[in-house]
Amino acid sequence: MSTQWHVLGAGSLGSLWATRLARAGLPVRLILRDPARLAAYEAAGGLTLVEQGHHHFFSIPAQTVDAQEPIERLLVACKAYDAEAAIARLAPRLTANAEIILLQNGLGSQDAVATKVPRARCISASSTEGAFRDADWRVVFAGHGYTWLGDASDPTPPPWLDELVASGIPHQWTPDILTRLWRKLALNCAINPLTVLHDCTNGGLQAHHCEVATLCAELTDLLNCCGQPAAAQDLHSEVERVIQATSANYSSMYQDVANGRRTEISYLLGHACEVAARHGCSMPHMNQLQTRLIRHLQARGLPTL
Ligand code: NAP
């Protein structure tokens, strides 16, 4: 009998994982934030996965954070700014050998979670898959990609990777998950805030070539300075490649701001600036970018953390 997958957060990525695990016949339970959300979910009866225009319905059981059932394997699929508080509430339910898989973008939330649950094994993920909710309890699988998984403190792969294979979740176990997370964070810092400030698609940054190059130079220094030389390699050329390959797309931060949603700034640009300050690494343009972005968010009444 397979171990139960508890999935915290039935948002875009949580639903994408939960539905694929359920489709493979694996036992899945959703954990929702409160009785009101549970009642809304139960009224819908389940989650719908929209894939290549086809709708698939899965009546996955759900519970609230306050349920009593012990948790052995937990997939954390909330935003980075919600992860620490959510885990603090779930900590009493974790078994002695619990494993937690963290899907959060950026850096900072993984360490905050690990501190709350020192006995659990925390596995970080970095994903290039794309999904969005077009309605509550309905997720659209928008972009096929890949998920790297790893545990910076233990290179031993967990025993459940074959369950991801059975679920059709493309993934790879890597001992260098920190390199992946830092690289993705650096790409994000070089692109996303500028798309917000210049009100443009990723491709619109081709008109701001010098600004992008300056940020990439500072980010490269930062990565070298904080012990991430592999994440620093050819950063600028990859940023240029991403800008070209995704030129018609609006970045996730752009979409968050445009829709009046809180951004994950503290775990992306904010984290980079904080680590730079800690290492005494000078990043004047990145700091200025952070100030401009915070002002932009404040002007729209959005949280700046
Ligand atoms: P999302 O659609 O906003 O979903 C987050 C979910 O977490 C929401 O359903 C929210 O509940 C739930 N939640 C928050 N606090 C909770 C709590 N205490 N208990 C239970 N549920 C809670 O976010 P997302 O797009 O899936 O992103 C999740 C993470 O994955 C982010 O760090 C994001 O950057 C990263 N990521 C996303 C994608 C993507 O394509 N979406 C791709 C790569 C990485 P409510 O519904 O009640 O608000």
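Restricting to the range 140-168, and then to whatever is under 16 Å from the mean Cα position of the chain (by Cα) and part of a loop (DSSP other than H, G, I, E, B), can you tell me which residue is nearest to residue 228 (Cα to Cα)? Filtering first and then ranking leaves 151.
The listed residues are 166, 152, 190, 186, and the only one of them that is assigned by TED's automatic domain parsing to the domain that holds residue 59, more than 12 Å from the ligand (Cβ to nearest atom), closer than 20 Å to residue 271 by Cα and touching a residue at least 24 places away in the same chain (Cβ under 8 Å) turns out to be 152. Under the condition of being outside any helix (DSSP H, G or I) and either more than 11 Å from the ligand (Cβ to nearest atom) or farther than 19 Å from residue 15 by Cβ (or both), the residues counted in the range 83-110 number 11. Counted as qualifying within the range 8-82 are the strands (runs of 3 or more DSSP E) with 1 or more residues that are modelled with pLDDT of 95 or more and within 14 Å of the ligand (Cβ to nearest atom), namely 28-32, 47-51, 62-64, 71-76. Between 48, 64, the distinction of being touching a Pro at 6+ places or on another chain (Cβ under 8 Å) and among the β-branched types (Val, Ile, Thr) belongs to 64 only.
With respect to residue 195, is the statement that it is at pLDDT 95 or above, surrounded by fewer than 18 Cβ atoms within 10 Å (Cβ to Cβ) and touching a Phe, Trp or Tyr at 6+ places or on another chain (Cβ under 7 Å) true? When the stated conditions are applied, residue 195 does not pass them. Could you please let me know if residue 173 is over 21 Å from residue 48 (Cα atoms), modelled with pLDDT of 95 or more and more than 14 Å from the ligand (Cβ to nearest atom)? Taking the combined requirement at face value, the residue satisfies it. Taking the range 134-145 as the range and being near the ligand (Cβ under 9 Å from one of its atoms) and either within 16 Å of residue 250 (Cα to Cα) or among the small types (Gly, Ala, Ser) (or both) as the test, the residues that pass are 142, 143, 145. Take the conditions (1) over 17 Å from residue 125 (Cβ atoms); (2) out of contact with any Pro (no Cβ under 9 Å at 6 or more places or on another chain); (3) charged (D, E, K, R); residue 20 misses just one of them, which is (1). Give me the pairs: first residue in the range 111-137 and in a strand (DSSP E or B), second residue hydroxyl-bearing (Ser, Thr, Tyr) and exposed (fewer than 13 other Cβ atoms within 10 Å of the Cβ), beta-carbon distance under 8 Å, and six or more apart or on different chains, which are they? Here the result reads 127/146, each pair linking the range 111-137 to a residue that is hydroxyl-bearing (Ser, Thr, Tyr) and exposed (fewer than 13 other Cβ atoms within 10 Å of the Cβ).
Would you kindly identify the helices (runs of 4 or more DSSP H) lying entirely within the range 215-305 that contain at least 2 residues that are loosely packed, with under 15 Cβ neighbours inside 10 Å? Result: 229-232, 235-245, 269-279, 284-299. Looking for something part of a helix (DSSP H, G or I), in the same structural domain as residue 19 (by TED's automatic domain parsing) and crowded, with 17+ Cβ neighbours inside 10 Å - is there at least one such residue anywhere in the range 199-207? No, every residue in the range 199-207 fails to be part of a helix (DSSP H, G or I), in the same structural domain as residue 19 (by TED's automatic domain parsing) and crowded, with 17+ Cβ neighbours inside 10 Å.
The values are calculated or read from the model by the stated rules, or taken from the named source; none is laboratory data. Just so you know, these numbers come straight off a predicted model, no measurement behind them. Cβ: placed from backbone, ideal geometry, glycine included. Neighbour counts: every protein chain shown.
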